[in-house]
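Just below is one structure, and these are the notes that go with it.
Rule-based calculations on the coordinates, nothing more; no lab input. Please read these numbers as outputs of a predicted model, since none were measured by experiment. Using ideal geometry, Cβ is built from the backbone for each residue, glycine included, and neighbour counts are taken over all protein chains shown.
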Amino acid sequence: MGMPWTDRLEAVKFYVFDLDGNVAATHHESKRVPGCYTLPEAIKLTRSADLSQQEAALLLIAAVLYKAIDGLQAQQLSSNSRSVTETKTDTAVDWQAVWTYAVGPGLELASSLRFALDDSNLSVVTACAKALQALLSCSANEAIFGLQESIWPGNKSAFTAPVFRRKTELDEGFIGGGRWKYHVSAIDLYPVTQILNPLSDTEEDKDSIGDEAAVTSKDVAAGLLRMDILTRIQYIFEREQLRSADENLLCVVIALSRHSPAAAKAVMKCPRLMDSIIQRFLLIDEDLNGALRSAHTKAIQLLKILSQASAANCIRFAETGALQVAQCELYKQGFPLPSDPRLGEESFKGICATVVECLRLWRVCINHQIGIALFPDIYPTLCYWLAPLSCKEISSTNSGDMLFLAQESYSLLERLAWTLPVLPTQGSIHVNWAWKTALPLVETASGWLSKDRISAVSKELITLASQSESGPQNPERCFRMKLVATMASVFHFLGTVCEMFTESGSEASTKKSLHPVVNQLAIAVASNGLLTFRTGKQCSTESPNSLLEILLNLWEKVDEETAMTVSSCIHGLVRLLIVTDQLCQPFEDKTGLLAEGSKESEILSRGLVSSADRELRDLLSFFGDVILDTEDLRLAGETQPAPGLGLGWGQVGGGVWSKRGLHVKGVARLVMELLEVLPSSKKDGDKTSTSAELMWRINCCLRIAAVFGPGDVDMVYRMCSNILLHPDTLASVFQCADSTLKAEVGAVQNGSHHVYDEISKMLLEHYRKVWMCARPDKASTIRQGNYNKKLKTSLIATKLSNLSEESAKLSESKSGMEGLANDMVAEWAKQRLPLPPHYVFSPMVINLSGLIDGTEKGNGPECKMLEDGKFVISQDKEIGMEDAIERGAAWILGLEVLSQSLSTNDRNVFAAIPLVRKLHSLSSLFLLGGEMFLRSTLKNYVTGLQRLYGKLLDAPGLKALDFEGEVDGGYCTFVEALATKFSSSSSTDTGFARQVAVYLRQDVVSTIRLQTWQALARDQSLHRLPPLSDCCGDPSGYLSPPEKNNQMIEAFVSAWTSGALDAVDGKSSMASEIAIHHIAALFFEEGSATDKTFLREIAKTLFGTSNQELLRKFLERSLSWPAEPLSAEELKKRLSIIQAIGEGDNIIMDKVKELHGVLFQSTIS
């Protein structure tokens, strides 16, 4: 696959596929295989008059698309060290090119499938539905969503519409990491017939409407919506009732609902679509079995997805009774057993799948504060699933499906636990879960932590680790994995309950009633083999491995999907340990279960976290290194290889929307939890070790920010607040920098803890406003939809329960608000996550012109400039602009000192930030805030950073400083602005001059060097540049290699002839030195390889001037560094070279004779 991308796409045209989607022949083979077709041929056959050919072509297209998706996943994981599930897909085929070509605009696949869906032949419609399902990556995306929902916290998902990053502009300092934006606007998702109705708010929207082909070329799913596919699907459901296509078409509607908020709204607005789905698949009298059961489950899933997309949708479903119908499986008494002879294995699995979707739908409702009061109605059914398995059942492999239900039930309880009341709230419209209901369930869950069960679980996990080579469908392996997932759900449920109790601790009565339960949990954690605790007594070396050690060993041996579950289980255990430790300090045994002076009593008195410190630090070290070894998950090229896919398809490693992405995020959450609870260990007298650990922790934070996506803004803020920008971290960073640079640049930052607390708040608020605040939507017009009516059916009376109290109150306050705030599905658009590591430089980069007058310019935050030179960044906090920039510079200086103090850059995320980004950030500082760079403290920071960057500039193996490639393609505008600011500055600041001079280094791309030189020459500021000895880095970086860009040489000559290189007050700037050096190198070192005509023109211009002093410097210029005096022989050789070049030009020859006399008279004297 080393061919150019266009050639790869061209080659796909000649791939011949069979009906199973396999490549039967390539363009290298001339022999044609009977019954097989290329993709262009298959597209043509979808409109054939022969129905059998039409159906076969559609099935071939579906098979090829499925093979392409499988091939993409296999190719993404091929470089992964973890064991990969075997696939029957041929990984030698360029499946990425196949997929991109198939969904690209050239084949018009989407329009062909949309046309086929209108066919009157039912078999063609069924085949078309399968092809549409494959085109929208339904199965692959749902597999990722299913994993996400099964792993804690599981309540955040993301829309799948293709997006791209906006470029940041000059007024934003070219900071990069711009906000994401959809490929198509929301208005383009609606059919043309619907656009000229109230859906469009402005004339600008109507003018931006694109045609179907243009929309489809950017986003396949949007194109299908634009072609009014929903109306056709509604007609099939309502009129044709094509059972063989039901599940496929429901999958298509689900995929479209997951596309974007506008797409979900389009599904809700499609006339009679949701009514038809509810009537046909939820309000059913006949037995649910086979395909009907599967379609019923998919319909429940659709309600869940639409409820996630908008709280208003959830409220409407509650008002019409659709939610109660969808969840009726939970109200049935006497749930069937797996051994029920009336059910086959597949039937029981189908029932379990339906129940799981019901539970997940209820979790969504709980997030919207709907349905909590219905808990007593399903409590009897839940009790059966929540009951801990006996040790015998744990050792059996016949309870896998029941474990799956137990896992989802505990996940539901965990979500309910977040609604436990903190304080009594009078007049609240929400009905919270009650502590009196939660406590018995806590006791039930605690049964999973008994010593016998933990021992049985540990044995099963050891066996699972030995089965790492077995296939994922192995029944025993599946059962043990469900056991791990169930334990994870139990741990997280108990941890969340304890967290809520921590919040409620101020209420004495609640605290008194809960203490025995918490004590029991703490004793179970301390005594039942969950972790290895160390007390003052010597631990036995023969003690069995703890559950945490077994889980860690299992994590190292399993594939990525399994490792996700194991990571969640470890995280749940750590959460439970930390929160119970917080609740039990100081420990008082109110249970009477512990003997005085026992090991468990000593552990609890000392503290669970302190007693398990060694094991927790080993865990942090292990998973921290895992995070640091993670490749960048951001999308290559900031976009996808083809439109209409889930984020991450086709990217190396899968990108952020993949199993790998979910796994890394789970590990990142665990590392965050550990970093928060385990302070940096300070070793007396060992500053190197302390600095290395501090930088390791900071690097973990930088990598975590590059892992989290749009639904994790709260996690990024928490990471910055509690770890990266915590006052203790800042104090350590500043103290380290102070001890290193104090002798050179003065104190970096000193003061009390209060000072560091203020700096922390200042930087935290800056990062929040710039990086973590999504751009708000324009106020939506409140419209009443046509889906507010009750379901019109005679079955309502018997199948629907009354609307719950909290749903009624919520609907009263929120009904009809389609723009309702949503926190369950994150949009990639309008926000910046994942963050690039260089986001930490933004305090020195963001241009405040984008913050004035409360307007948001580009991607800038929304702030206001005040008359006293301060700007408002929150409602109650004002920060001086100069203070913010100064503290930001001190922060970056400290990080750079720490980074360069390490003996190796392995796993050093900060050191891996491109040097051009660091130099650009420092340059940006001079464009902010007038002449604030003249402040003495800030000048010290700038000097320190320039010296540190100078070391990096001199490092061996430095790549070319490509500011246009690494920062922005329009970087010349930034350099010109910087040079203009330098020229207009009232004071010649050495630091400013030194920074501008960096852009004249030879390792800077020639376009930037030329722009810098021309801007300085135009403003007559070349003489203000410092001597070479005062520039960043070794002077040789400005002199070598010799200049080969003719435009640059001409700029040097122009400055010579204009007098810009003449010394001022007897002092020579670096400008004259590098100009004379490169002109001399052109004649005396590169002359033989240079165009003779060009040399002659340059010589005529130079020797036509009367500046004999510059000509003498030119001839005497040594081309080595440090400079060495030239011998008389070398001077004569140079004069002869000039004579040869200027032969026949009297002016040049006369000047050479004149210089000959001056030079050799000087040499003799």
>> In Å and on Cα atoms, what radius of gyration and Dmax does segment 1053-1157 show?
In response: 13.2, 38
> Where the Cα atoms of segment 6-56 are projected onto their three principal axes, how long is each span, largest first, in whole Å?
Replying inline: 34, 22, 17
> Which whole-number value in Å³ per residue fits the convex hull of the alpha carbons of segment 291-404?
Replying inline: 114 Å³
> Listed highest first by mean packing, meaning other Cβ atoms within 10 Å per residue, what order do 241-247, 567-573, 1153-1159 come in?
Replying inline: 567-573, 241-247, 1153-1159
> Between segment 9-24 and segment 395-410, how many Å separate their Cα centres?
Replying inline: 43 Å
> Measuring from label point to label point, each 7 Å out along Cα→Cβ, what is the Asp618 to Ala387 span in nm?
Replying inline: 3.8 nm
> Once fully extended, how much extra length lies between Glu1109 and Asn722, figured as 0.36 nm per residue of separation less the alpha-carbon to alpha-carbon distance?
Replying inline: 133.0 nm
> Can you give the FRET efficiency for Asn545 and Thr6, using 1/(1 + (r/R0)^6), R0 = 51 Å, r = Cβ-Cβ distance, to the nearest 0.05?
Replying inline: 0.35
>> Please give the Cα centre distance for segment 213-263 versus segment 292-322, rounded to the nearest Å.
In response: 17 Å
>> Expected output is a single nm value to one decimal: the length gained when fully extending between Asn398 and Ser48, i.e. 0.36 nm times separation in residues minus the C-alpha distance. What is it?
In response: 120.9 nm
> Normalised by the number of residues in segment 217-328, what is the relative contact order in percent for Cα pairs under 8 Å and 6+ residues apart?
Replying inline: 27 percent
> Based on the Cβ-Cβ distance of Asp171 and Lys436, what FRET efficiency does E = 1/(1 + (r/R0)^6) give at R0 = 60 Å, to the nearest 0.05?
Replying inline: 0.55
> Could you put Trp95, Trp418 in order, starting from the residue whose Cβ has the fewest other Cβ atoms within 10 Å?
Replying inline: Trp418, Trp95
> So which trypsin sites (Lys or Arg not before Pro) in segment 1096-1151 end up in coil per DSSP with only 14 or fewer other C-beta atoms within 10 Å?
Replying inline: none
> What is the extension gain from Asp1019 to Lys1044, computed as 0.36 nm multiplied by their sequence separation minus the C-alpha to C-alpha distance, in nm to one decimal?
Replying inline: 6.5 nm
> So what does log10 I(q)/I(0) come out to for segment 250-330 at q = 0.21, 0.23 Å⁻¹, using the Debye formula with one equal point on every Cα and no solvent?
Replying inline: -0.95, -1.13
> Rounded if a/c is under 1.5, else prolate if a/b is larger than b/c, else oblate: which is segment 955-1015, with a ≥ b ≥ c the root eigenvalues of its Cα gyration tensor?
Replying inline: oblate
> Among the trypsin sites (Lys or Arg not before Pro) within segment 1009-1078, which fall in a DSSP loop and have no more than 16 other Cβ atoms within 10 Å of their own Cβ?
Replying inline: Lys1044
> Normalized C-alpha radius of gyration of segment 902-1051, against 2.2 N^0.38 Å?
Replying inline: 1.02
